[in-house]
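One structure below.
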């Protein structure tokens, strides 16, 4: 077989590393790296690695691994500076290296193996090689020369990437409030002399501060001054550092004929999770392995490579996008206590939970637990719900209970008059089914109309689903009276069901009540119930209709705020089912982010479910201030155990 | 976890005789179900006709569509076809429905592809709800209903109207991820218990080149993705055992295994591999 001719366009870590691996695997391969810049020119400052990458690098090329790791700056601490406090958490290992140094190590290894390195080369068309690798970054020319189904969209806040000669001793997050808004910093040391220093702020803050009118030097001066205290009088250094929007690059496919993309050219990942270089180098490992496994059959190898890398990259990119969005919304968390703020930050991506942090950094977790314990009744590790009621046991939700026979969902739905209160603390979910009433029991399905049912009511005389009954207009006074009468009942938490397209929820959505003042009747209802109800009063809401013409999340947050102002103590966060043809998103914890936004933007306590099944999820969500109460789906046997006060669940959904 | 076997309704060279022989043998062997796929613009057997044939030569196995593309058919007709198979088999139909992935099937059937999601929802409500049940017989009572698809709407339709979820195939982790979403939707819609979870996969023990050529042809519409399907296809008993174990660990209730070639020897090799 004639030796393969491989042209790698782009001399960054991904491209150089691929060259090394290919030449090692088959020395007769003609490998060429074509790089636009000079060998010692580089953008950026330091690159960061987590422990996991190091293993795969060690296996792929021990020599490179050794040199890189010997040069690493290492630390296992995270510092969070917020609200005049500095909070530290240990047990998080990171390593970093100067980008220029990394490239120099890789370049030397390339030369030692006989890879041809061509610098100062500007490509205009596809090179004529057996395999062309686009390793030329987010703005890849090679990608633009082919058909990959590319999408590039800006995500996250405005950011600028500096270096500084202050050597931090931990991965450091700094949050600084200014008159224009919140600025935040990601900083980490990468050798004995220098640190990376990235400044971020949301677009609106960027403009308010007049940063859109400053040039490179003025921006640097602004940041130096703003963070003078944290920089301890040291300087910031620019490397053509400008305020940028992070480009999220995705491609439908990563190959087009004999051309394949690796690294940022194929997929960028927001810098805030520190995985860009790691992804690129792991791509190279996978591609090189593919070629070896497929005996240098380029087409087959490219497919293997994409098959192997796509799922990992997708997950990383999703985590990176969430992280970018998270940092752009940090202002909503600034009212939190620093300890909770820090825990929220640490657990933002779901990779660290209350339990796993308890292992990495027991001291931090103890501090958080006792902070919580000091505010509420139940001892840690269980978090007690907010407010006054004694919670040594779980609070059990009643399921939907109708205010009247006509308000039932199905013949099996309990009606308040005949409902028997179970033992122990209970949350009573009181509602009227509206146009989703008069249906068959849930065991058969939902929204299947009964043949001989009863008349149903709704604000709009439109049936819920295919073959559903047509509702009549409701007698609002009568229904209000029914709710008020029911509200006299003695329960620990009373919840008015205004979610999921039942009667009250139907008033709140433009899809089901196309009038100006949609809040009129629901607020009237809440106020009337508030008058007679002394204990905690919750409102269940579909925060989003999951429908382009329905309530958006922002609309839902405004409704939550209105309910809070009218006397609701707690919002039970739900989504969708306002109409039967909505577009839901289902996965584990699919409502957590919504609860986070309602709680921290509408500033009202929340209760949330959304397919949560572990105590760790509950502790993490409540600890991080994403909700105050968590509804868990536990199998019956586990509920028995959970009612033990030393291991209390906050809420348990009792499923038959 | 139960294991079912696919009938060779779409593999080139399958005859009616061969299809019925697969069904007979599945009924005698410890397979819990036989299943069929659905295409119009393809050299394949119509699913309800195939299951009706299988009903005639079996007594025990469930007869399943994994899946049938509901919106290709007028609603009343779909209900009648399904109910007829159900009655002919003495109540053994598992009706898996979805919207399908190829527009050419809709074109060949002269069915409207726009709004097919909505139409599927109507069909599910019609069949499940016994709508017009007196006029459009036979009885649909007792049909086990599954819904397939990966969109949020597919999961909510499943949770609203069906008994469970029909996954379209892939490695065990893909099934596990879909299963979690199905459970989430089920609970969100307030259904008791949990949804039934059906999965499917392929295998090729005999002529691998032929089997892969079939997969490349059948899944040609997925573009570049077809190579990933081929690469993941189990071609040894060990690989198949891994696949089966992965599905079991992910909570699958019934896994249907489809051969990529119709020869009866593949059935025998499958039996051996699973023994």
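Quick note: the coordinates plus some simple rules give every number you see, no bench work behind them. Remember, predicted model here, so these are calculated numbers, not experimental data. Glycine also receives a Cβ, built like all others from the backbone with ideal geometry; neighbour counts cover every protein chain displayed.
Report, in deg cm²/dmol and to the nearest 500, the calculated mean residue ellipticity at 222 nm for chain B, where each DSSP H run with n ≥ 4 adds -39500 (n - 2.57) and the sum is divided by the residue count. Walk me through the numbers before you get to the answer.
Numbers: 11 runs with 126 residues, N = 275.
When only DSSP H runs of four or more count, the value is -14000 deg cm²/dmol.
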Q) What's the percent breakdown of Cα-Cα distances in the range B:228-270 across 10 Å bins, shortest bin first? A) 24, 53, 23, 0
Q: Please report the base-10 log of the normalised intensity I(q)/I(0) for the range A:98-240, using a Debye sum with one equal scatterer per alpha carbon and no solvent, at each q in 0.12, 0.18, 0.22 (1/Å).
A: -0.72, -1.09, -1.29
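For the range A:485-562, which semi-axes, largest first and in whole Å, follow from the square roots of 5 times the eigenvalues of its Cα gyration tensor?
Working: eigenvalues 117, 30, 21 Å².
One finds semi-axes of 24, 12, 10 Å for the range A:485-562.
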**Q.** Nearest 10 degrees, 0 to 90: helix B:116-128 Cα axis against chain B principal axis
**A.** 80 degrees
**Q.** Equivalent ellipsoid dimensions for the range A:390-586 as semi-axes, Å, which come from the Cα gyration tensor, largest first
**A.** 24, 20, 16
Q. What base-10 log of the normalised intensity I(q)/I(0) is obtained for the range A:29-134 from the Debye formula, alpha carbons as equal point scatterers, at q = 0.19, 0.22, 0.24 Å⁻¹?
A. -1.09, -1.27, -1.35
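When N counts the residues of the range B:91-141, how does its alpha-carbon radius of gyration compare numerically with 2.2 N^0.38 Å, as a ratio? Intermediate results must be reported in sequence, preceding the final value.
Working: Rg = 13.0 Å, N = 51, 2.2 N^0.38 = 9.8 Å.
Taking the Cα Rg and dividing by 2.2 N^0.38 Å, one obtains 1.33.
How high is the FRET efficiency between residue B:245 and residue A:180 when r is their beta carbon distance and R₀ equals 60 Å, given to the nearest 0.05?
Values: r = 57 Å, r/R0 = 0.96.
Rounded to the nearest 0.05, the efficiency is 0.55.
Using a 10 Å cut-off on Cβ to Cβ distances, tally the other chain neighbours for every residue of B:191-200 and report the average as a whole number. Present the calculation step by step, with values, prior to reporting the outcome.
Numbers: counts 6, 5, 4, 3, 0, 0, 0, 0, 0, 0.
Averaged over the peptide's residues, the number is 2.
Report the Rg/Rh value for the range B:131-275, based on alpha-carbon coordinates and the Kirkwood definition of Rh.
Details: Rg = 17.4 Å, Rh = 16.8 Å.
The Rg/Rh ratio comes out at 1.04.
So what's the back-of-envelope 222 nm ellipticity for chain A, counting only DSSP H runs of four-plus at -39500 (n - 2.57) apiece and dividing by all residues, rounded to 500?
Working: 20 runs with 221 residues, N = 656.
So the helix-based figure for chain A works out to -10000 deg cm²/dmol.
Normalise the Cα radius of gyration of the range A:5-328 by 2.2 N^0.38 Å (N = residues in it) and let me know the number. Numbers along the way, then the final one.
On the way: Rg = 19.9 Å, N = 324, 2.2 N^0.38 = 19.8 Å.
Ratio of Rg to 2.2 N^0.38 Å for the range A:5-328: 1.00.
Expressed as a whole percent, how much of the Cα-Cα distance distribution for the range A:514-624 exceeds 16 Å?
Details: 3718 of 6105 pairs.
So the portion of pairs separated by more than 16 Å is 61 percent.
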(Q) How many angstrom lie between the Cα centre of the range A:414-488 and the Cα centre of the range A:568-583? (A) 16 Å
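Roughly how crowded by other chains is peptide B:118-125, in terms of the mean Cβ count from those chains within 10 Å of each of its Cβ atoms? Don't skip to the end; give the middle numbers.
On the way: counts 3, 1, 0, 5, 3, 1, 4, 9.
What the average comes to for B:118-125 is 3.
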Q. Angle between the Cα long axis of helix B:264-274 and the longest principal axis of chain B, 0 to 90 degrees, nearest 10?
A. 90 degrees
Q | Helix axis angle, B:237-249 relative to chain B longest principal axis, alpha carbon, degrees | A | 30 degrees
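What is the Rg over Rh value, at two decimals, for the range A:405-510, using alpha-carbon atoms and the Kirkwood definition of Rh? Write out the running numbers ahead of the final one.
Numbers: Rg = 13.9 Å, Rh = 14.4 Å.
In the range A:405-510, Rg relative to Rh is 0.97.
Considering all projection directions equally, how large on average is the shadow of the alpha-carbon convex hull of the range B:1-121, in square nanometres? Numbers along the way, then the final one.
Values: hull surface 29.8 nm².
The orientation-averaged projected area of the Cα hull of the range B:1-121 comes to 7.4 nm².
Report, for the range A:390-586, the % of DSSP beta bridges that are antiparallel, rounded to 5. Working shown, then result.
Values: 1 of 22 bridges.
Counting only bridges with both partners in the range A:390-586, antiparallel ones make up about 5 percent.
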Q. Distance from the Cα centre of the range A:50-104 to that of the range A:171-187, in angstrom?
A. 22 Å
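To check you understand DSSP bridge types, tell me what percent of the beta bridges within chain A (both residues inside) are antiparallel, rounded to 5. Don't jump to the answer; show the numbers that get you there.
Numbers: 46 of 95 bridges.
In chain A, approximately 50 percent of DSSP beta bridges are antiparallel ones.
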Q. When each pair of different Cα atoms in the range B:39-83 is counted once in the 1/r mean, what is the Kirkwood radius in angstroms, to one decimal?
A. 11.5 Å
**Q.** Cα centroid separation - the range A:274-347 against the range A:110-170, whole Å
**A.** 17 Å
Q. Could you list, bin by bin from short to long, the percent of Cα-Cα pairs of the range B:2-274 in 10 Å steps?
A. 7, 31, 39, 21, 3, 0
Q.
Taking the square root of 5 times each eigenvalue of the Cα gyration tensor, what semi-axes in Å does the equivalent ellipsoid of the protein assembly as shown have, largest first?
A. 48, 42, 23
